[in-house]
Amino acid sequence: MASRAAQRRRLLRQALHEETLITQHIREGRFQRSLAVVAALASLMSGGEVAYEHYRGSYGQQIMYTPIILSAGLTATGVAAAFNRLIARRLLPLISLLVLVDGVVGFIFHVRGIARKPGGWRVPVNNMIMGPPVFAPLLFGLSGYLGLIASFLRRENDPAALEPIADRVPDIGLRQGRGLRAALPRLTREGLIFEHHVREGRFQRNIAAVAGISAFFSGCEAAYSHYQNGFQYRWLQSSPLLIAPLLTLTGIGSIWSRRLATTLLPVISALALSDGAMGTFFHARGVLRKPGGLRLPLYNLIYGPPLFAPMLLSASGFLGLLAALLRRPAHT
Amino acid sequence: MTSQNPAADHLLPVDPQSGSPLDPRRQPGYYPGFSTLDQRAFWDAATRQTVMDRVEQVPAIRFFDGGEAATMQAICNRILPQDDRDPERRIPVLNYLDNRLYSGMSDGYRYEDMPADGDAFRLGIQAIDEISVHLHAKRFTELEMAQQEEVLETIHDAHPPAGGNIWKRMPVDRFWLLLVQDIAAAYYAHPWSWDEIGFGGPAYPRGYVRLENGKAEPWEKDEQRYEWEPPPGARSGGYRPVGGGRPHHAPPGQSGTH
Amino acid sequence: MREPIFGRFDPPRSSDHLLGPVQRLKTPMRHYRESEEVDVCIVGVGSAGGVLLQRLSRAGLRVVGIESGPFWDVERDWVSDEAGSHKLYWNDLRITAGANPITLGENNSGHGVGGGSVHWAAFAPRFHPSDFHIYELDGVGVDWPFRYDVIRPYYEMLEREMPVAGPARFPWGYPHSYPYGPHPSAGVGDVLIKGCTKLGIPVVAGGPVAILSGSYGDRQHCIYRGFCIQGCKVGAKQSTLYSHVPDAVACGAEIRDRSMAARVNLRPDGLVSGVTYFDAAGNERHQRCKLVVISGYAIETPRLLLNSASPGHEKGLANSSDTVGRYLMVQAGNVILGRFPQLIRLYKGPPAHALTEEFYETDPRRDFARGFAVQTVGPLPIAFAKQMMVAKGAWGWGLRKVMMDYNHWATLGLLGELLPWADNRVTIAEERDGHGLPVAKVTYGLKENDKKLIEFGKRKVMEIMSAAGAEEVVQEARYAHLIGGARMGDDPDTSVVDRFGCSHDIPNLFCCDGSILPTQGSANPGLTIQSLAARTANYIIAQSDRLSQGLRGLPEEPPIRHDLSPPGTYQRGIPRIPWPARQS
Ligand SMILES: Cc1cc2nc3c(=O)[nH]c(=O)nc-3n(C[C@H](O)[C@H](O)[C@H](O)COP(=O)(O)OP(=O)(O)OC[C@H]3O[C@@H](n4cnc5c(N)ncnc54)[C@H](O)[C@@H]3O)c2cc1C
Ligand code: SF4
């Protein structure tokens, strides 16, 4: 009995130690490997979703293959980045950036796709529901964003101390040149500062904002697809519509308020995370309940309630939690 | 107010519980307040034109002469009774039917043993009057509702007691299908009938978003059923096979589906 | 909301010839002089004619299509309304007769550029390999002059050109995948899926149907409005008007619309010299050409051949075997209607969107040869009222009452193979049309095997309907898909055209449309008709040197020509999954 209690205590202590260690790593921006893996997973999921969403759209244009290829690339790179620092520093940002750009291009194509449907944007509700999902490409870009951040981070086993920012950011020709020539180095410099903050784990505001924005997008998707379903399950189908805007507000609010970021943000994020999990469960149930059930697995998967969509809300929640653990830049 | 008398003095459908007649409505059917015409701004211009012309430019009677038109009107009233509709909301099926015959719009075929459509109608009207006289010694227009239905039922059953020389020129069951089909086609082409049965009407450029489980579009209405039965004494309320169940020409489907 | 943003939809402002909301005819049409001898004259720009016109003009031949109906501007001419779409059908007089006369009109052929493909439901399944030799296998009907492997590359090609949406694996016949993904199921499809699943019958959903489940160039994704049989204004449902005719016009083909071909003329040496037709104003005209292809549908093709009788061809052109007009076939097309306690709203979604071919092949346990398919159908109110008139014998108050339950009914279609018989045929009637041309008379009667098949098939579909939860099930007898009348075969004594569509009697006279099919299985014929048209076109192109000299083409299978597909065909859609063929 006693030994068992001791064992339990030891386990608990260990767990607590792990926990503080992880928290510390996050606070200090030393979690490149884990975030790379998270980015890889996110990319796998969103790639999977795009694959079947675009299958629904029959790959009517060749550009519809790009997100599939890129997400496969990002998944592979993310996993590789967990093992290899060089890949994490060099390849990961490149692929991630491509994914982000593809998300934006996709967004433009989807807006155009709706415009070309009969009635176009003059019957917006119909065509947004039945046409290409407008915000889905931006949500797809999220995994790219994660990969990009991961590439800036330090690895878990890096030394805790970081050389001061001034040493890393040479103040080159800030005042010389005009226009673009002037802007570029400044951009670069600001980029460098941002990167430094990330490496120090001081990018709470950024992640919180992204969590808020992505929650907004998935809230919109939920709104119109649940509207299509006529809110048959009133409370269940309304829940993301209540939680997503809250997360959006707190996430954006966290840009200004550290308080918000450490109090309300984690609570609402946890809510979003679990609502997404619940949604996934109910969507899976919905798929099984479609006529034909498992006898038409692929068909019911693509035309049943979308399995991955609630997971995207969960992903926003995850980002919010992450943000709560992070620090803010020292000089504010 | 329960009516004990089955041979009622009205032509209105009744509430099966109380047996009392249901007042005529602006829009019978289980979708009160549903109006396809209200959605017409969402239709494309060509469709709107076609449907609005149908509603607003009712063609005059030009094919049937006065007497024929009166009999034909009475026939239409029984083949597709509209007594449960407000008088100003009755669909002028006779006018549409007359217009089809007048303009020679054909379905693209004729049975070998049938006369041309227009002649078939003229002969049919004659035969119906002959049956009326045979059964009740009156013309069709002068009969009670139940008697009129009785006359038509003999044609539905392909067993007309009179008009033999006409039926030699025109198989009775083919005439029945022609008659019912044309009147039904006129009635169910009208947007008021779509409201009655809950059909969404034209749907271009805006299509549908709720495809499954019989869900209503945001602009459609949910069903609100009420119970009703045909007027007491009506014979057309039940369902019997065309030809009355006796062997006859098996009627093939009249409409394209696949 | 009572109005779209910016108010109601107005008529199109552009003066272009519009084919859907975005697609338009980009190039002005070329015009040939009548005195000019063109390479090919095609009578009827319908399902087969449209594909032929496109192929031949893309290969550089000078082609004129003579079409009795209009060259539709779909934004202006078509309506999203059942009664208003009457003009899409062949409404000229035909006589129907026989022991089981078939209803024609909206039940059958088309009129206007695109022909029957304008108003088809667009179910586009392939024939099974067994369909090509049912005499050998089952001792009924007749064998085709070639086997499945000859037509397979054309199926694959046309499935991309149309394109056909369908499941990733179509399990029956020769298993295959589709280049466009399946459509969502609507009320009726769900009923078929439920019923089949309950009975353990495999079923596929969302196709195969030639309706876009994704954009295709300037053609748009289906909006699930259910007016397919009224002509799809959206441009989602394939018709050759959308998929092939624009490319044909761009390649220099001419279409003379509202022009009714009256007869095919012969030169003194017995070869075809051209076509006499009545133009839109009713004037008689002649077009000279080196070769004629008749693609006028299973009724009009035999009618034109018979009406073209001339000295030396007293029984009609290409009719030395007395086969023209014979072996006319329909498919059993019974509609089974079931009433459900819950709402269905069968008018939503394309009528064609789920099917099973589990009963397609001959089953030795049944007492008849061949089989049937079960498909979704979606009658709009007028069609539904006519069905109720027959299926329930409804009229009067009964009709009004059952119609009020329109949204509670689901409808499934039987599609059963009926066999070819010599006395089911097209002949010439006494009556004449507006141009003074004798009209066609169609005689049809069922035989023993046909009746047994219909009886069994209809019971099976009723069973499926009940299994899906219908509380009342009724049915109406109906026939669908008229084909035959100028069948192909190797033997000139029993067929009208050879395996490439060239008439046995006259080397520069071809027939190519539904009329040349020797049998039609239990698959809707549209895909096969268009695939055969692509093959005949390839043949004419490959043999053009000989044919233009008046010589009979060599009996060689033409090469497959992917380069003659409309541009962009191979840049769209999903790669084909090479499912292994089943041993048969
Ligand atoms: C309601 C309905 C639903 C259908 N659904 C399906 C389906 O889901 N799947 C399927 O595969 N099939 C379906 N079909 C059948 C399909 O439409 C036809 O089999 C096919 O279109 C026949 O093609 P065709 O080339 O033989 O003739 P058509 O496409 O009819 O072409 C013939 C053309 O020739 C023209 N023409 C005829 N005679 C002359 C002349 N003398 N001079 C000038 N022009 C002339 C006509 O105007 C017409 O345009 C359906 C048919 C109907 C009626
Ligand atoms: S259901 Fe689709 S294919 Fe059919 S008419 Fe409507 S948009 Fe066209």
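The values are calculated or read from the model by the stated rules, or taken from the named source; none is laboratory data. Just so it is clear, the model here is predicted, and its values are computed rather than measured. Cβ placement follows ideal geometry from the backbone for every residue including glycine, while neighbour counts extend to all protein chains displayed. Surface areas here come from the heavy atoms of the whole protein model, side chains and all, with no ligands, DNA or RNA. Shrake-Rupley method; radii C 1.70, N 1.55, O 1.52, S 1.80 Å.
Counting only strands (runs of 3 or more DSSP E) that fall entirely inside the range C:357-432 and contain at least 2 residues that are without any contact (Cβ under 8 Å) to a residue 60 or more places away in the chain, the qualifying elements are C:425-432. Taking the criterion of being touching a Pro at 6+ places or on another chain (Cβ under 7 Å) and without any contact (Cβ under 8 Å) to a residue 24 or more places away in the chain, the residues of the range A:90-140 that qualify are A:Gly113, A:Ile114, A:Pro118, A:Gly119, A:Arg122, A:Val123. All conditions in (1) modelled with pLDDT under 95; (2) among the aliphatic types (A, V, I, L, M); (3) surrounded by fewer than 24 Cβ atoms within 10 Å (Cβ to Cβ) hold for C:Val142, with the sole exception of (1). For the range C:188-231, a residue qualifies if it is within 16 Å of ligand 1 (Cβ to nearest atom), more than 9 Å from every other protein chain (Cβ to nearest Cβ) and in a loop (DSSP other than H, G, I, E, B), and the qualifying residues are C:Gly207, C:Pro208, C:Ala210, C:Gly231. Residues in the range A:287-313 that are surrounded by fewer than 21 Cβ atoms within 10 Å (Cβ to Cβ) and among the basic types (Lys, Arg): A:Arg289, A:Arg295. Exactly one residue out of C:Arg256, C:Arg263 is open to solvent by 10 Å² or more (accessible area, probe 1.4 Å), under 29 Å from C:Asn307 (Cα atoms) and touching a helix residue (DSSP H, G or I) at 6+ places or on another chain (Cβ under 8 Å), and it is C:Arg263.
Can you work out which of the residues in the range C:215-237 that are in contact (Cβ under 8 Å) with a residue 60 or more places away in the chain and more than 9 Å from ligand 2 (Cβ to nearest atom) is least open to solvent (accessible area, probe 1.4 Å)? If we take residues in the range C:215-237 being in contact (Cβ under 8 Å) with a residue 60 or more places away in the chain and more than 9 Å from ligand 2 (Cβ to nearest atom), then C:Arg219 is least open to solvent (accessible area, probe 1.4 Å).
The rows are residues; the columns are (1) of a type in the set (D, E, K, R); (2) modelled with pLDDT under 95; (3) open to solvent by less than 10 Å² (accessible area, probe 1.4 Å); (4) outside any helix (DSSP H, G or I).
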{"site": "B:Leu135", "(1), (2), (3), (4)": "no, no, no, no"}
{"site": "B:Leu152", "(1), (2), (3), (4)": "no, no, yes, no"}
{"site": "B:Ala162", "(1), (2), (3), (4)": "no, yes, no, yes"}
{"site": "B:Val180", "(1), (2), (3), (4)": "no, no, yes, no"}
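Just checking, does the range C:273-281 include any residue being away from ligand 2 (no atom under 16 Å from the Cβ), at pLDDT 95 or above and among the aromatic types (Phe, Trp, Tyr)? Scanning the range C:273-281, I find at least one residue that is away from ligand 2 (no atom under 16 Å from the Cβ), at pLDDT 95 or above and among the aromatic types (Phe, Trp, Tyr), so the answer is yes. Scanning the range A:121-148 for residues that are within 14 Å of chain B (Cβ to nearest Cβ), buried (at least 19 other Cβ atoms within 10 Å of the Cβ), part of a helix (DSSP H, G or I) and not hydrophobic (A, V, I, L, M, F, W, C) yields A:Arg122, A:Asn126, A:Asn127.
Tell me, yes or no, whether the range C:240-251 has at least one residue that is open to solvent by less than 10 Å² (accessible area, probe 1.4 Å) and either within 12 Å of another protein chain (Cβ to nearest Cβ) or closer than 26 Å to C:Trp579 by Cα (or both). Within the range C:240-251, none of the residues are open to solvent by less than 10 Å² (accessible area, probe 1.4 Å) and either within 12 Å of another protein chain (Cβ to nearest Cβ) or closer than 26 Å to C:Trp579 by Cα (or both).
Can you name every residue in the range A:254-286 that is open to solvent by 60 Å² or more (accessible area, probe 1.4 Å) and without any contact (Cβ under 8 Å) to a residue 12 or more places away in the chain? Within the range A:254-286, A:Trp256, A:Arg259, A:Thr263, A:Val267, A:Phe281, A:Arg285 meet the criteria. Output yes when any residue across the range C:421-436 is crowded, with 17+ Cβ neighbours inside 10 Å and closer than 26 Å to C:Pro364 by Cβ, and no when none is. Looking for residues that are crowded, with 17+ Cβ neighbours inside 10 Å and closer than 26 Å to C:Pro364 by Cβ, one finds at least one in the range C:421-436, hence yes.
For (1) surrounded by fewer than 24 Cβ atoms within 10 Å (Cβ to Cβ); (2) away from ligand 2 (no atom under 16 Å from the Cβ); (3) within 11 Å of another protein chain (Cβ to nearest Cβ), each residue gets a yes or a no:
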site: C:Phe340; (1), (2), (3): yes, yes, yes
site: C:Arg345; (1), (2), (3): no, no, yes
site: C:Tyr360; (1), (2), (3): no, yes, no
site: C:Arg370; (1), (2), (3): no, yes, no
site: C:Gln375; (1), (2), (3): no, no, yes
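Under the condition of being away from ligand 2 (no atom under 16 Å from the Cβ) and either polar (S, T, N, Q) or surrounded by fewer than 22 Cβ atoms within 10 Å (Cβ to Cβ) (or both), the residues counted in the range C:96-131 number 13. In the set (1) touching a helix residue (DSSP H, G or I) at 6+ places or on another chain (Cβ under 8 Å); (2) within 14 Å of chain C (Cβ to nearest Cβ); (3) closer than 23 Å to A:His226 by Cβ, the condition left unmet by A:Leu271 is number (2).
Only one of (1) open to solvent by 10 Å² or more (accessible area, probe 1.4 Å); (2) more than 10 Å from ligand 1 (Cβ to nearest atom); (3) within 14 Å of another protein chain (Cβ to nearest Cβ) fails for C:His481. Which number is that? Exception for C:His481: condition (2).
Would you confirm whether or not the range C:307-316 contains a residue that is open to solvent by 30 Å² or more (accessible area, probe 1.4 Å) and within 11 Å of ligand 1 (Cβ to nearest atom)? Yes, that holds for at least one residue.
Please find, among B:Arg100, B:Arg110, the residue that is within 11 Å of another protein chain (Cβ to nearest Cβ), crowded, with 20+ Cβ neighbours inside 10 Å, under 30 Å from B:Ala41 (Cβ atoms) and more than 16 Å from ligand 2 (Cβ to nearest atom).
Details: B:Arg110 fails: under 30 Å from B:Ala41 (Cβ atoms).
Step by step, each of B:Arg100, B:Arg110 is checked, and only B:Arg100 is within 11 Å of another protein chain (Cβ to nearest Cβ), crowded, with 20+ Cβ neighbours inside 10 Å, under 30 Å from B:Ala41 (Cβ atoms) and more than 16 Å from ligand 2 (Cβ to nearest atom).
The set of residues in the range C:27-43 that are open to solvent by 10 Å² or more (accessible area, probe 1.4 Å) and under 22 Å from the mean Cα position of the chain (by Cα) contains only C:Val43.
Matching residues to (1) within 10 Å of ligand 1 (Cβ to nearest atom); (2) touching a helix residue (DSSP H, G or I) at 6+ places or on another chain (Cβ under 9 Å):
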position: C:Leu18; (1), (2): no, yes
position: C:Pro21; (1), (2): no, yes
position: C:Glu34; (1), (2): no, no
position: C:Val45; (1), (2): yes, yes
position: C:Gly50; (1), (2): yes, yes
position: C:Gly65; (1), (2): yes, yes
position: C:Leu88; (1), (2): yes, yes
position: C:Asn91; (1), (2): no, yes
position: C:His119; (1), (2): yes, yes
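Taking the criterion of being surrounded by fewer than 21 Cβ atoms within 10 Å (Cβ to Cβ) and either at the interface with another protein chain (Cβ under 10 Å from one of its Cβ atoms) or over 22 Å from the mean Cα position of the chain (by Cα) (or both), the residues of the range C:168-183 that qualify are C:Ala168, C:Arg169, C:Pro171, C:Pro175. Determine whether the range C:52-62 contains at least one residue that is surrounded by 16 or more Cβ atoms within 10 Å (Cβ to Cβ), over 22 Å from the mean Cα position of the chain (by Cα), aliphatic (A, V, I, L, M) and at pLDDT 95 or above. Among the residues of the range C:52-62, at least one is surrounded by 16 or more Cβ atoms within 10 Å (Cβ to Cβ), over 22 Å from the mean Cα position of the chain (by Cα), aliphatic (A, V, I, L, M) and at pLDDT 95 or above, which makes the answer yes.
Exactly one residue among C:Gly573, C:Gly553 is within 14 Å of another protein chain (Cβ to nearest Cβ), in contact with a helix residue (DSSP H, G or I) (Cβ under 7 Å, 6 or more places away or on another chain) and touching a residue at least 12 places away in the same chain (Cβ under 8 Å), and that residue is C:Gly573.
Within the range C:157-167, being within 11 Å of another protein chain (Cβ to nearest Cβ), crowded, with 24+ Cβ neighbours inside 10 Å and of a type outside the set (A, V, I, L, M) holds for C:Pro163, C:Gly166.
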